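Worksheet: one structure, shown below.
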Amino acid sequence: MKGVSLTAIPNNVTVITLHHGKANAIDWKFLQALNTALNHLQDTHNAAGVILTGQYPYFSVGLDLATVFPYDREKMATLIGQFIHTLRRILTWPGPTVAAINGHALGGGFLLALACDHRLAVADERIRIGFPDVERQVPLSHSLRLMALHALPASMAHLVNGRAANFTPREAARRGLVELADCADPVEAAVAWIERQPADYARRKAERLAPLLARLDALGPEDVEHFLDQWFAPETRAAFRKVWERVKRGA
């Protein structure tokens, strides 16, 4: 399956390994590949435990600026709408979901990890988790912010309220963003976590998510428009243009 690979593990657990380009940067093809994998699992193992992981040193670095920065408002709306849809699919997956963070999880990649029920990270001080420095004013839709706040400790709500930061795995663990894997392979630790979950996990999860889903369902088209207003604001474009130009020069 181009862009991802699926590995079935005993006890009804599947690992989705992201391998879209060097850094698992998020574009339309990335989202298509991930949704194709979810479709396959939904048809065959709807209650399976799912582990999302990347390829060291990248879990996912977020939006592929080289591709998406030139998008006009209409094209960007389509991409962000699909991103929101994908995160909600992961958020509401009936079985337990774990982000096995074995590399940088930044921006949209961090949001992808937050959509999972649990996050386990390798203790590698070279890795960063959170939002890159360029995103001091993080462009987020209402739904992206709500989904992130559902997973973030209250003390870290500022990450999606205008004061972005990123951390080493140990720093992220101290702040309650992740748990450090107790072995070299966070996938192994994620399997063990899933195996410890109760048999009625799906019911408990649905009850826990009900208030959040009610708030998400109440959002209309202005959700994506809110993101677009931030994304196309002059100060945001100026900040991301600098990154885009560096990426282009290094391509």
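Annotations for the structure displayed:
- Check on LEU140, part of a loop (DSSP other than H, G, I, E, B) and under 30 Å from ARG73 (Cβ atoms): yes
- Complete set of residues in the range 87-110 that are assigned to a helix (DSSP H, G or I) and within 17 Å of LEU209 (Cα to Cα): LEU87, ARG88, ARG89, ILE90, LEU91
- The condition of being assigned to a helix (DSSP H, G or I) and crowded, with 16+ Cβ neighbours inside 10 Å holds for ALA33.
- Restricting ALA99, ALA77, ALA115, ALA47 to those that are surrounded by fewer than 19 Cβ atoms within 10 Å (Cβ to Cβ), of a type in the set (Gly, Ala, Ser) and modelled with pLDDT of 95 or more reduces the list to ALA77.
- Positions within the range 187-208 being assigned to a helix (DSSP H, G or I) and small (Gly, Ala, Ser), in sequence order: ALA189, ALA190, ALA192, ALA202, ALA206
- For the residues ARG73, ARG163, the requirement of being more than 22 Å from ASP217 (Cα to Cα) and in contact with a Leu (Cβ under 9 Å, 6 or more places away or on another chain) singles out ARG73.
- Test for ALA184: is it of a type outside the set (D, E, K, R), in contact (Cβ under 8 Å) with a residue 40 or more places away in the chain and loosely packed, with under 14 Cβ neighbours inside 10 Å: yes
- ALA23 being small (Gly, Ala, Ser), touching a Ser or Thr at 6+ places or on another chain (Cβ under 8 Å), surrounded by fewer than 22 Cβ atoms within 10 Å (Cβ to Cβ) and assigned to a loop (DSSP other than H, G, I, E, B): yes
The values are calculated or read from the model by the stated rules, or taken from the named source; none is laboratory data. Remember, predicted model here, so these are calculated numbers, not experimental data. In this analysis, Cβ positions are derived from the backbone assuming ideal geometry, glycine residues included, and neighbour counts consider all displayed protein chains.
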